[in-house]
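The values are calculated or read from the model by the stated rules, or taken from the named source; none is laboratory data. Owing to the predicted nature of the structure, the values given are computational and were not obtained by experimental measurement. Here the Cβ positions follow ideal geometry from the backbone for every residue, glycine too, while neighbour counts run over all protein chains shown. Just the protein is used for accessible areas: all its heavy atoms, side chains included, with ligands, DNA and RNA removed. Shrake-Rupley method; radii C 1.70, N 1.55, O 1.52, S 1.80 Å.
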Amino acid sequence: MEKAEEFLSSIPMTIIGGIFLGISLVCMLTGIELPINPAWVPIIISGIPILYGALTALFCEKTISSELLVSTAIVASVAIGEIFAAGEIAFIMAIGKILEDITVNRAKKGISQLIKLSPQQGHKIIKENEKTTEKIVPIEEIYKDDILRVLPGEIIPVDGKIIFGNSSVDQSIMTGESLPIDKTIGDEVFCGTVNCDGSIDIIATKIGEDSSLQKLIRMVKEAEENKAPMQRIVDKWAGWLVPAALIIAVAAYFITSDIIRAVTVLVVFCPCALALATPTSIMAAVGQAAKNGVLIKSGEALEKMGKVNCIAFDKTGTLTFGKLKISDIITTSSVTENELLKLACSSEKRSEHPLGKAIVEHGKKQNVEFLEMEDFKMIPGKGIAAKIENNEIYCGNSRFLQEQGIILDENIESILENLRKQGKVSILVGKNRECIGIIALSDTIRPTAKEIVVKLKNMGSRVVLLTGDHKQTADYFAEEVGIENVYSELLPAEKVTYIKKLEEDGNKVCMIGDGVNDAPALKTADVGVSMASMGTDIAVEASDIALMGDNIEKIPYLKKLSTATIKTIKFNITASMVINLAAIILSVMGLLNPITGALVHNVGSVLVVLNAALLYDRKFA
C-alpha cells in the first residue's frame with residue numbers, strides 16, 4: 001500500500017490528475033456532459049494518498065491528523081455532488097505536498113553535496129618484497145594506517161595526515177571557507193575535500209564511518225528526523241481542529257440550511273498552511289546553514305538558538321587557536337637567543353610534553369642546529385634534564401630549577417610575573433648552576449575574536465568566558481577580546497554548575513567549546529555549539545550545532561539565521577491562521593463555495609511555502 005501511495009503521489013500521476021481536472025473544468029464551462037466526470041481521476045489519484053495518511057494516523061498512531069479533515073472535506077464534497085470541487089481539493093493538496101517536497105529538497109541541496117562526495121575508491125600504495133606499487137582499490141579495502149596517494153583534482157578518500165608532498169585543498173564543502181587551504185607534511189586532510197594541485201601521500205587516520213564526511217552525514221540524518229517544538233505544537237492542534245471544523249460546519253448548516261456552506265467550511269478549515277509553516281522554514285534554514293559550513297543537528301536547536309541571550313565561550317580552541325607557540329625568547333646571561341633556543345630544542349627533542357614539543361617544532365621551523373644530547377630525564381610536572389657537551393641543561397618551571405640549586409634573582413622573577421599577566425606560559429632554561437634564559441609560549445587569539453564579541457553584544461547577547469585556565473591567563477585573554485564576565489580555573493563539573501546558574505537567572509544559554517572537558521557543558525546548555533574540524537569527537541557528539549571549521553565568525557551568522565527563522569515561522573503561522581479565519585467567515589456568509597474555498601485555502605499554503613523558501617538564499621551580513 002505504501003508503494004501504491006508513493007506512486008499516486010508522484011509528479012507524473014499528479015500531472016495526469018491535473019489534466020483530467022482541466023477537462024472537467026472545460027466540460028463544466030461549456031455544458032458538455034460526459035458519462036463519468038473526469039474529476040474522478042484526481043479524486044482517486046490524489047485523494048487516496050490523503051485518505052491513506054489520515055486512516056494510518058488515526059488507527060495506527062492513534063492521532064487525529066490534518067489529513068483527516070481534508071479527507072472529510074473531499075468525502076463531503078462528493079456526497080453533495082460537487083465532484084469537481086472534491087477533485088480540485090485533492091489535486092491542490094497534492095500540488096501543495098509536491099511544493100513542500102521541492103522546497104525541502106532544495107533546502108537539502110547544501111547537505112546532499114556532502115553525501116554525493118562520499119568517495120568510492122582510492123590509490124593505495126602497497127609494498128611487497130621491497131617493491132612499491134600503486135593500486136586503485138574500493139573504499140571498503142582502505143584500512144587505518146594505509147598509505148594513499150591523492151592526485152590533483154581528486155577527492156580525498158579518508159581522513160588522514162600528509163606524509164609526502166604539498167598541495168592546496170578545497171575544504172569549502174566541510175568548512176565553508178571560500179579559498180583553498182595550503183597543506184604540507186604533517187597537516188591533516190579530511191574525507192570528501194578536494195586536492196587542488198599537488199600530488200600528496202597521506203596515511204589514513206579515520207576510515208569508513210569514523211571519517212569526517214560520514215559523521216556529517218549521520219548528523220544530517222539526525223537533523224531530518226528531529227522535529228522542532230513549534231512543529232509539535234502544530235501537530236497537536238490537529239486534535240481540536242477536526243472537532244472545531246465539524247462543529248462550525250454543522251452549526252452553519254442548521255443556521256442557514258445550506259449544505260454547500262457547511263462543506264465549504266470543511267474545505268477552508270484544513271490546516272495545511274499551518275502544518276507547512278514550521279517544517280519548510282526549518283529545512284530551508286538547515287540547508288542555508290549547511291552550505292555556509294554550519295551543521296544544525298535538529299530543528300529544536302535552531303529554534304532555541306533564536307532565543308539565546310547569553311553566549312558562553314570556552315577559551316582554548318574557540319577564542320584562541322588552541323596551539324601553543326613561542327612568543328618570547330629572553331636571555332638572562334651572556335648567551336644569544338639562538339644559542340638559548342638551540343640548547344632548549346636539543347634538550348626537549350625527546351620530550352612528550354606539549355610545551356617541549358612546541359619548542360622543538362619552533363626550532364625545526366627556524367632551522368636550528370640540534371646538538372647531541374645524553375642522559376635525558378623527564379620529571380613529570382616539573383621539567384626535563386639532559387647533558388649537552390658536558391653541560392647540565394635544565395628546562396622547566398621555577399620550582400624545578402630552584403631544586404637544582406639555581407637561584408632566580410629579582411629580575412627573573414619580575415620577567416616571569418610580567419609574562420604571567422600576559423597569559424603566557426614560561427619555560428626556564430638552566431645551564432649548570434645558572435638560569436640562562438626564559439622561553440615564553442602563548443596560545444594565539446583568533447584575529448576576529450574581538451570583533452565577534454562586539455557583534456554579539458550589539459545583538460543583545462551577554463558574553464561569558466568559562467575556562468579551566470589560571471585566573472591571570474583568563475583575565476588577560478578576556479580583556480583582549482572584550483569579555484567582562486570571566487569564570488576561570490573551572491573543572492568540567494564546575495562549568496556545568498555555572499551554565500545552570502546562568503539558566504536559573506533567566507538566561508537562554510549557548511555554550512561554545514571544543515574539548516572533552518566541554519562536553520558536559522555543551523549538553524547542559526540550551527544550545528551547545530562545537531568546533532567540528534578541530535574539536536574532539538565527544539564534544540561534537542554532545543553539541544546541538546557543529547561548526548565545520550574552526551571559524552567562530554559563524555556564531556553571529558548563526559544567531560541571525562536562527563532569529564530570522566523564528567520570525568519566519570511566527571509570520572507563517574499567523575498568516576495561515578488569518579487566511580483560514582477569513583475564509584471560514586466568508587464560507588459561513590455564503591461568499592465562498594467549495595471550489596473557490598479550496599482555491600483561497602491553498603493560496604495560503606503556497607504563500608507559506610514560498611516565504612519559507614526565501615530563507616535558503618537570504619544573505620546574513
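List of remarks:
- The lone exception for residue 477 - which of (1) part of a helix (DSSP H, G or I); (2) at positive phi it fails: (2)
- Here is the figure for the stretch 272-302: residues that are touching a Pro at 6+ places or on another chain (Cβ under 7 Å) and surrounded by 23 or more Cβ atoms within 10 Å (Cβ to Cβ) total 0.
- Any hit, the stretch 11-19, residues being open to solvent by less than 50 Å² (accessible area, probe 1.4 Å), assigned to a helix (DSSP H, G or I) and touching a Leu at 6+ places or on another chain (Cβ under 7 Å): no
- Within the stretch 36-50, the set of residues being among the β-branched types (Val, Ile, Thr) and buried (at least 20 other Cβ atoms within 10 Å of the Cβ) comprises 41, 43, 45, 50.
- The strands (runs of 3 or more DSSP E) falling completely within the stretch 300-403 that include 1 or more residues that are under 30 Å from residue 531 (Cβ atoms), at pLDDT 85 or above and of a type in the set (A, V, I, L, M, F, W, C) map to 310-313, 320-331.
- Residues of the stretch 524-555 that are at pLDDT 80 or above, open to solvent by 10 Å² or more (accessible area, probe 1.4 Å), within 12 Å of the chain's Cα centre (by Cα) and within 13 Å of residue 293 (Cβ to Cβ): 554 alone.
- Residue that is modelled with the lowest pLDDT [pool: residues in the stretch 67-112 that are open to solvent by 30 Å² or more (accessible area, probe 1.4 Å) and polar (S, T, N, Q)]: 112
- Members of the stretch 441-482 found to be touching a strand residue (DSSP E or B) at 6+ places or on another chain (Cβ under 7 Å) and open to solvent by 40 Å² or more (accessible area, probe 1.4 Å), listed by number: 444, 445, 457, 462, 475, 480
- Residue 28 being touching a helix residue (DSSP H, G or I) at 6+ places or on another chain (Cβ under 7 Å), in a helix (DSSP H, G or I) and more than 27 Å from residue 584 (Cβ to Cβ): no
- When the stretch 553-592 is filtered for residues that are touching a Ser or Thr at 6+ places or on another chain (Cβ under 6 Å) and under 30 Å from residue 193 (Cα atoms), the ones remaining, listed by number, are 553, 565.
- Residue list for the stretch 376-386, restricted to those being more than 13 Å from residue 429 (Cα to Cα) and touching a residue at least 12 places away in the same chain (Cβ under 8 Å): 376, 378, 379
- Annotation note: Cβ proximity below 8 Å between a residue of the stretch 1-12 that is on the phi < 0 side of the Ramachandran plot and a residue that is part of a helix (DSSP H, G or I) and among the small types (Gly, Ala, Ser) (sequence gap 6+ or interchain) occurs for 5/53; 8/46; 9/46; 9/94.
- Enumeration of residues in the stretch 511-523 that are over 20 Å from residue 453 (Cα atoms) and either assigned to a strand (DSSP E or B) or open to solvent by 40 Å² or more (accessible area, probe 1.4 Å) (or both): 516, 517, 520, 523
- Only one entry in 401, 419 is without any contact (Cβ under 8 Å) to a residue 60 or more places away in the chain and either touching an Asp or Glu at 6+ places or on another chain (Cβ under 9 Å) or farther than 25 Å from residue 474 by Cβ (or both), namely 401.
- Within the stretch 483-510, the set of residues being more than 17 Å from residue 308 (Cα to Cα), open to solvent by 20 Å² or more (accessible area, probe 1.4 Å) and assigned to a loop (DSSP other than H, G, I, E, B) comprises 484, 488, 489, 491.
- The set of residues from the stretch 423-434 being open to solvent by less than 70 Å² (accessible area, probe 1.4 Å), over 13 Å from residue 386 (Cα atoms) and touching a residue at least 60 places away in the same chain (Cβ under 8 Å) comprises 424, 425, 427.
- The residues listed here are 286, 335, 294, 308; of these, the one that is of a type outside the set (S, T, N, Q) and under 24 Å from residue 391 (Cα atoms) is 335.
- Residue match in the stretch 567-575 (condition: among the aliphatic types (A, V, I, L, M), buried (at least 17 other Cβ atoms within 10 Å of the Cβ) and either touching a Cys at 6+ places or on another chain (Cβ under 8 Å) or at pLDDT 90 or above (or both)): no
- Candidates in the stretch 143-163 are the residues that are among the aliphatic types (A, V, I, L, M) and open to solvent by 30 Å² or more (accessible area, probe 1.4 Å); of these, the one that is modelled with the lowest pLDDT is 155.
- Test for residue 33: is it open to solvent by 80 Å² or more (accessible area, probe 1.4 Å), out of contact with any Leu (no Cβ under 9 Å at 6 or more places or on another chain) and among the charged types (D, E, K, R): yes
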